[in-house]
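Participant: I have a structure here, written as structure tokens, and I will follow up with some questions on it.
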Protein chains: 2
Amino acid sequence: MAATLVEIARLARVSVATVSRALNGQPGVGPKMRKRIQALAAQVDYTPHANARALVTGRIPFLGLVVPDITNPFFPSLARGAEEEAFARGYSLLLLNTNWSPTRLRQAFDLLTSRRVAGLMMSVSLEGLGDDHRDWSDLARTVVMAGVPAPVGSGIGAVDVDDLEGGRLVGRHLLERGWRRIGFVAGSAADRSARDRLAGLQEALAEAGRPGALGATSAGEWSEASGYDQARRLLARRSRPDAIFAANDLLALGVARAAAEAGMALGTDLGLVGYDDIDSVRWTAVPITSVSQPEFDVGREAARRLVALAEGAVAEPDARLEPCLVVRASSGANPHARPATADGALAFQTSTETVR
Amino acid sequence: MAATLVEIARLARVSVATVSRALNGQPGVGPKMRKRIQALAAQVDYTPHANARALVTGRIPFLGLVVPDITNPFFPSLARGAEEEAFARGYSLLLLNTNWSPTRLRQAFDLLTSRRVAGLMMSVSLEGLGDDHRDWSDLARTVVMAGVPAPVGSGIGAVDVDDLEGGRLVGRHLLERGWRRIGFVAGSAADRSARDRLAGLQEALAEAGRPGALGATSAGEWSEASGYDQARRLLARRSRPDAIFAANDLLALGVARAAAEAGMALGTDLGLVGYDDIDSVRWTAVPITSVSQPEFDVGREAARRLVALAEGAVAEPDARLEPCLVVRASSGANPHARPATADGALAFQTSTETVR
DNA sequence: TCGCGCACCGCAAACGTTTGCGTTACGCAA
DNA sequence: TTGCGTAACGCAAACGTTTGCGGTGCGCGA
């Protein structure tokens, strides 16, 4: 069923070398013979044996993509961006879930190297691998981090999103809308992205000469339930924040639920902005302002760099993509704020809008 | 860097055959020698060359997964189920997006066959391939449909979800809650899943002796905007439905928006149930009842069948997995319905609950 | 007409495995 | 001690390509 070069060669009464050259568009074969061979190949439904080719060329056109959990809304579009770019360059994508398990991460790693993939994109922190692992340096040529930072000093390239800038966008926006006391809720406080987002917020407040506008900060897990709990505690304080920055949208959904329970209207009684711009935040009773990350572009760019690396190009400096703010009603405007304009009108648009 | 069997053989002063047998746990090599070779292999960090192995054994442990768009919330968990099962059985997953394009579908198909994958799972209808394609019959051994039906008469196995039953669940539930006139909105009316869900609804109504409870049916696209438009038209009719069954959750979200605009409260003024149980329907102002599909299990089961097929097992009859209903507030209860119980109490629970 | 050069094509090695078969050597019974 | 059976190991072919190198034929200029 599966025709090989040998059969075609036999049919055409030429050598396999000639058939190979003819079908791969390489020089050294006459036009009429090439035509004949191509016709023959089409006739017997020849499909090249990628593995055999890979064996002699040493490189197989596969790219590995390791994600913690494809179910997490962040990763599918990253995967799609990567797949699109890879496909366009003749590579295929090998998908591996680690389910956040270091063991699975290690297994995925070994699997991919045993498959001799051309390169692999890691969307999960490499810290879990431990230092006893083989030297990073020989990986640097064929690995690029996608959406997460590389281990320090590893020399591995990375393309991720600027969490600092995301925090800044939120800070500026909330101040602009007249909020005065901004609370911050996060998942794990140890998480680098959480720290960066908070740092960005602080920077923006400092820039505006309002460092004191940062209210209480809180941490828990990256879940809706945790957001609910944290918000309840924050809102029960004597000096409650009038706005909350949730470090991801699941948390923001929890905050929204807590606010609703407390009888507070989002956008007027409480300002709220989340992070990630997942689909759900568009459909809440009052839609939630959120920071949107270019995951698709992260995947695309990571794949581009990876094939470049695999094909011998020199490593490029890390890419840091910019997030953007999607403004919705939840960040509304503080009714108690002093009018920002001379005539006292607060002309804030409430429809969905993208800043930057 | 990458050690081969040859090097180990040279180091151990034995033949490659012995090394191969020792490392693969095959008989024909003494225990002491085996130990020695294993130690040596570990020492030089040997990783088997999967491609070379695949070349001689003829089978490469890859499974292809073709989806229309991994960004669509339905597919990531299907992919995860498939990946989990495949991984457990020593196979890796090759991910391909077709972006709903028949051209890309064809390309994906050719790509996978050229890679000589052990088998492939199709989550996209094969109709787009056209009949001029190579015979289905030789594919039947290495292809299984996942979440979509197989072409009729193709002999290709399938594992999908019972849309008829889903429709029935919805019909019974809505009647139970006292709704009397049930409208139906869908995406493409030509879509088999849409037809089956409607048919199931009709069956349930007929079973209950209330075939007349089916109100207007409508079709458009599988989008929120379309749901909004369709709902507006339905609700503007003189004989407006008092409940709506949306054939997917995006449509349901649109219906919810239209209802809110019309000043109708979900669960009391209008019953609503969607399909797919995407995350967003949990966070709307009034959470939406929806039919949940076991996508994860579909992927898992499809992968299981595929490796069984690839390893020579006989084809099993098609599997049809059962959906279940996740009850939320939007299906509430019709306040104008005659009490169903003797004492006039309508003891419906309004919290999230799963039927079946 | 002769000779040179180049386009065209074939030969064969190589990539890293697996595996059937042949050979060696060892242990044990006679 | 001799014979035989079997466990242990080596040889070499094979999988389907690619590719450097060598060989043949042709066309062209002199």
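Participant: Hey, how many Å between the Cα centroid of the stretch B:134-212 and the Cα centroid of the stretch B:1-61?
Facilitator: Cα centroid to Cα centroid, the span is 52 Å.
Participant: Can you check what the net charge comes to around residue B:309, using other residues whose Cβ is under 11 Å from the Cβ of residue B:309 (Lys, Arg +1; Asp, Glu -1)?
Facilitator: Here the charged neighbours net out to +1.
Participant: Ratio to report: Rg/Rh of chain B, with Cα atoms as the point set and Rh obtained by the Kirkwood method; give two decimals.
Facilitator: Reported Rg/Rh, Kirkwood definition of Rh: 1.15.
Participant: Another question, then. Compute the Rg to Rh ratio over the stretch B:5-48 from the alpha carbon atoms, using the Kirkwood formula for Rh, and round to two decimal places.
Facilitator: 0.90
Participant: Give me a comma-separated list of calculated 3J(HN,Hα) values for the stretch B:249-262, in order, Karplus coefficients 6.51, -1.76, 1.60 applied at θ = phi - 60°, integers in Hz, x for any Gly or Pro.
Facilitator: 6, 4, 4, 4, 4, x, 4, 4, 5, 4, 5, 4, 5, 7
Participant: Carbon-plus-sulfur fraction of the accessible area of the stretch A:5-48, 1.4 Å probe, in percent? Walk me through the numbers before you get to the answer.
Facilitator: Values: 1560 of 2800 Å².
C and S fraction of accessible area: 56 percent.
Participant: Per residue, what volume in Å³ does the Cα convex hull of the stretch B:185-226 take up? Numbers along the way, then the final one.
Facilitator: Values: hull volume 2.7 nm³, N = 42.
Considering the Cα atoms of the stretch B:185-226, their hull volume per residue is 64 Å³.
Participant: If DNA, RNA and ligands are ignored and the probe is 1.4 Å, what is the ranking of A:297, A:318, A:276 by accessible area, most exposed first? Walk me through the numbers before you get to the answer.
Facilitator: Values: A:297 75, A:318 100, A:276 35 Å².
Sorted by accessible area, descending: A:318, A:297, A:276.
Participant: Using Cα springs under 10 Å in a Gaussian network model of chain A, which residue among A:44, A:67, A:273 shows the largest mean-square fluctuation?
Facilitator: Result: A:44 has the largest fluctuation of those listed.
Participant: Taking the label point 7 Å from Cα in the Cβ direction, how far apart in nm is residue A:233 from each other copy of itself, listed shortest first?
Facilitator: Inter-copy label distances (nm, one decimal, shortest first): 5.2.
Participant: Indicate, rounded to the nearest 5 percent, the antiparallel portion of the DSSP beta bridges found entirely in chain B. If you can, show how the numbers build up before the last one.
Facilitator: Numbers: 6 of 41 bridges.
Here the antiparallel bridges make up roughly 15 percent for chain B.
Participant: How far is residue B:103 from itself in the other copies, in nm, if each label sits 7 Å out from Cα along the Cα-Cβ line, shortest first?
Facilitator: 4.7
Participant: Find the sum over both chains of the accessible area lost when B and A are paired, probe 1.4 Å, and report it in Å² to the nearest 100.
Facilitator: Approximately 4500 Å², summed over both chains.
Participant: Only counting protein heavy atoms at a 1.4 Å probe, give the residues of the stretch B:277-297, ordered by number, whose accessible area falls by 40 Å² or more when the other protein chains are present relative to the chain alone.
Facilitator: B:280, B:283
Participant: Something else: Wrap a convex hull around the Cα atoms of the protein assembly as shown, take a quarter of its surface area, and give that in square nanometres.
Facilitator: Here the figure is 39.9 nm², rounded to one decimal.
Participant: Mind checking the per residue accessible area of the protein assembly as shown for me, 1.4 Å probe, whole number of Å²?
Facilitator: Dividing the accessible area of the protein assembly as shown by its residue count gives 43 Å².
Participant: Put a label point 7 Å from Cα along the Cβ direction on residue A:206, then list its distances to the equivalent points in the other copies in nm, shortest first.
Facilitator: 7.2
Participant: By the scheme Lys and Arg +1, Asp and Glu -1, what is the net charge of all other residues having a beta-carbon under 12 Å from that of residue B:164?
Facilitator: The answer is -2.
Participant: Just from its helices, what would the mean residue ellipticity at 222 nm be for the protein assembly as shown, if runs of 4 or more DSSP H residues each count -39500 (n - 2.57) and the sum is divided by every residue, rounded to the nearest 500 deg cm²/dmol?
Facilitator: Counting only the DSSP helices, I get -12000 deg cm²/dmol.
Participant: Shifting gears a bit: Would you work out what percent of the accessible area of the stretch A:102-239, with all protein chains in place, is carbon or sulfur (probe 1.4 Å)?
Facilitator: Reported share for carbon and sulfur atoms: 49 percent.
Participant: Now a separate question. Separation of the stretch B:252-268 and the stretch A:232-305 by C-alpha centroid, Å?
Facilitator: After rounding, the separation between the Cα centres reads 23 Å.
The values are calculated or read from the model by the stated rules, or taken from the named source; none is laboratory data. Bear in mind the structure is a predicted one, so any value in this text is a computation, not a measurement. Note: ideal-geometry Cβ built from the backbone for every residue, glycine included; neighbour counts use all protein chains shown. Heads up: the accessible areas ignore ligands, DNA and RNA and are worked out on the full protein's heavy atoms, side chains in. Shrake-Rupley method; radii C 1.70, N 1.55, O 1.52, S 1.80 Å.
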